[in-house]
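In what follows, a structure is listed as structure tokens, so that the remarks can point back to it.
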Amino acid sequence: MEIRAAEDIEIRTDLFPPLSPLASSLYDSFLSSHCSSCFSLLPPSPPQPLYCSAACSLTDSFTNSPQFPPEITPILPSDIRTSLHLLNSTAVDTSSSPHRLNNLLTNHHLLMADPSISVAIHHAANFIATVIRSNRKNTELEEAAICAVLTNAVEVHDSNGLALGIALYNSSFSWINHSCSPNSCYRFVNNRTSYHDVHVTNTETSSNLELQEQVCGTSLNSGNGNGPKLIVRSIKRIKSGEEITVSYIDLLQPTGLRQSDLWSKYRFMCNCGRCAASPPAYVDSILEGVLTLESEKTTVGHFDGSTNKDEAVGKMNDYIQEAIDDFLSDNIDPKTCCEMIESVLHHGIQFKEDSQPHCLRLHACHYVALNAYITLATAYRIRSIDSETGIVCDMSRISAAYSLFLAGVSHHLFCAERSFAISAAKFWKNAGELLFDLAPKLLMELSVESDVKCTKCLMLETSNSHRDIKEKSRQILSCVRDISQVTWSFLTRGCPYLEKFRSPVDFSLTRTNGEREESSKDQTQLKVIIKEEEATEGQVGIIIPFEKLESLPLSHLPDLKASTTGMLYHFHD
Ligand SMILES: C[S@@+](CC[C@H](N)C(=O)[O-])C[C@H]1O[C@@H](n2cnc3c(N)ncnc32)[C@H](O)[C@@H]1O
């Protein structure tokens, strides 16, 4: 099943009114802080039982279910609670074939064929049958409910991106397939927001969609009226008849990782255009891109004796990822985390090829580097809070610089793949917040007053059309580039990794190992190794300077890809 547009849909259109879930549940860690029915934050001393209102308490009858048996692992208690709600929902037709419960795909055969999960599904189904005191002879329906939840439920996030729990929606949403280059996205709206507070460009939007092979008569808003409401919005222009797609996973990952993410979470191999592209899309090559520098320009190597680039890249990735994981699990302090990650980002690692030493670095847009910038921005921010007065500003400044750099990098990727708009917008917002946070600290330190307003761009104005958004995106970049001519060197002072870059939106290196060099000279010394095994001898790629990529009409990007020989991207003036 799939959903297709019944008519042309403009960018930024809500495809149907906010949808209530058929069933939902908080994760265990939020059960005492959030309303189990509508997911809103409860007051500091919450009422017992834990609902925000009498209406919410009426919709949720299974919160006090008995202790979950350990055999249900790896199925989470929130999956079981959602399955219980689903079976208890008046909007669910339990008399139809359990293999397509309420017309939702259950992937029953796929999940039951996997021994790592089928045993747990079986135990969980027996547990659910006991709770609902089912007198059915078998637990087929309970199994189907669990499989429907595992196949279709989505994680619910609050406005800060915190994952609160899961929710399952009817076929209007659940029939929307995944794409790694989707044309739509979804988000959750506060239950207290009325439909009229939500921006809807076309109030007739429910007629924008055609449900293929629709057989159920369920109305769009059937389900748990108090649960977290979901909105689907177009992020590209969609032609009549085109399939509506959203992303089920983080899109800022290269193809192999996206595929394994989808397999481990949803048990399917993605067959979308981005995954099937050959040669791979520009963004997928650059998300895994690495740089080599000639030996005399480098001094430090973290892993001696490596003669294989793939192995060297693997070590570099593992080292950074371990530092990130250790930081997130409190195993290392923020200062050590910054030192470990920055040392690999800045110095890269050494390897030998044809008995020549080379230094390998992650490309600034490498997916591990992106995760590193997020961690570094957070770690420096924590250091700013924990610091003595003297270095508070320095720590906040570098935190803002990493956040701004991340926004610039994601914007660069967004220019080539428009579905990265959501990530780029989030990173720009974070960067803006950290810069706003830094400004008063600096003013206090400098004891000056200032009223700074941007007159170059109209960033806060909303854009309606594709052309407007492109123009606004160009304005923002030109504004950031102009401002960063004066601020970037200040923001990055004392941070050797970021000091190498000309600005947060230009990734051509300005120095290698402390030596300031002309950018053009650098570029001839850098080889962009995107997929080394596919490059032929003598191929030298050049990092595409940001301005050049930006000034290219988007329609040229596929040409750029098609004109490549091997996997190296050549770019000529
Ligand atoms: C939420 S459902 C989407 C609707 C589903 N196609 C249906 O018939 O009801 C998710 C399931 O659809 C299939 N699916 C979704 N996107 C896919 C894609 N890009 N490639 C292959 N299968 C996909 C997978 O079986 C996945 O588990």
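The values are calculated or read from the model by the stated rules, or taken from the named source; none is laboratory data. Nothing here was measured: the structure is a model prediction, and the numbers come from that model. Positions of Cβ are backbone-derived with ideal geometry, glycine not excepted, and every protein chain shown enters the neighbour counts.
Structure notes:
- When segment 129-149 is filtered for residues that are at negative phi and surrounded by fewer than 24 Cβ atoms within 10 Å (Cβ to Cβ), the ones remaining, listed by number, are A129, T130, V131, I132, S134, N135, R136, K137, N138, T139, E140, L141.
- Out of L293, L287, sole residue that is modelled with pLDDT under 80 and surrounded by 15 or more Cβ atoms within 10 Å (Cβ to Cβ): L293
- Single condition G432 does not satisfy, out of (1) surrounded by fewer than 18 Cβ atoms within 10 Å (Cβ to Cβ); (2) touching a residue at least 24 places away in the same chain (Cβ under 8 Å); (3) in a helix (DSSP H, G or I): (2)
- Only one of N102, N138, N152 that is assigned by TED's automatic domain parsing to the domain that holds I72 and at pLDDT 85 or above: N152
- In segment 244-272, the residues that are over 13 Å from P182 (Cβ atoms) and basic (K, R) form Cβ pairs under 7 Å with partners that are assigned to a helix (DSSP H, G or I) and within 11 Å of the ligand (Cβ to nearest atom), at six or more places apart or across chains, as follows: R267/L110; R267/L111.
- Listed here are the helices (runs of 4 or more DSSP H) enclosed by segment 99-191 that have at least 3 residues being within 15 Å of the ligand (Cβ to nearest atom): 108-112, 140-152, 171-174.
- Segment 121-135 - residue that is out of contact with any Ser or Thr (no Cβ under 8 Å at 6 or more places or on another chain) and either hydrophobic (A, V, I, L, M, F, W, C) or under 16 Å from S78 (Cα atoms) (or both) and, of those, modelled with the lowest pLDDT: I132
- All positions within segment 237-253 that are part of a loop (DSSP other than H, G, I, E, B), away from the ligand (no atom under 16 Å from the Cβ) and crowded, with 19+ Cβ neighbours inside 10 Å: L252
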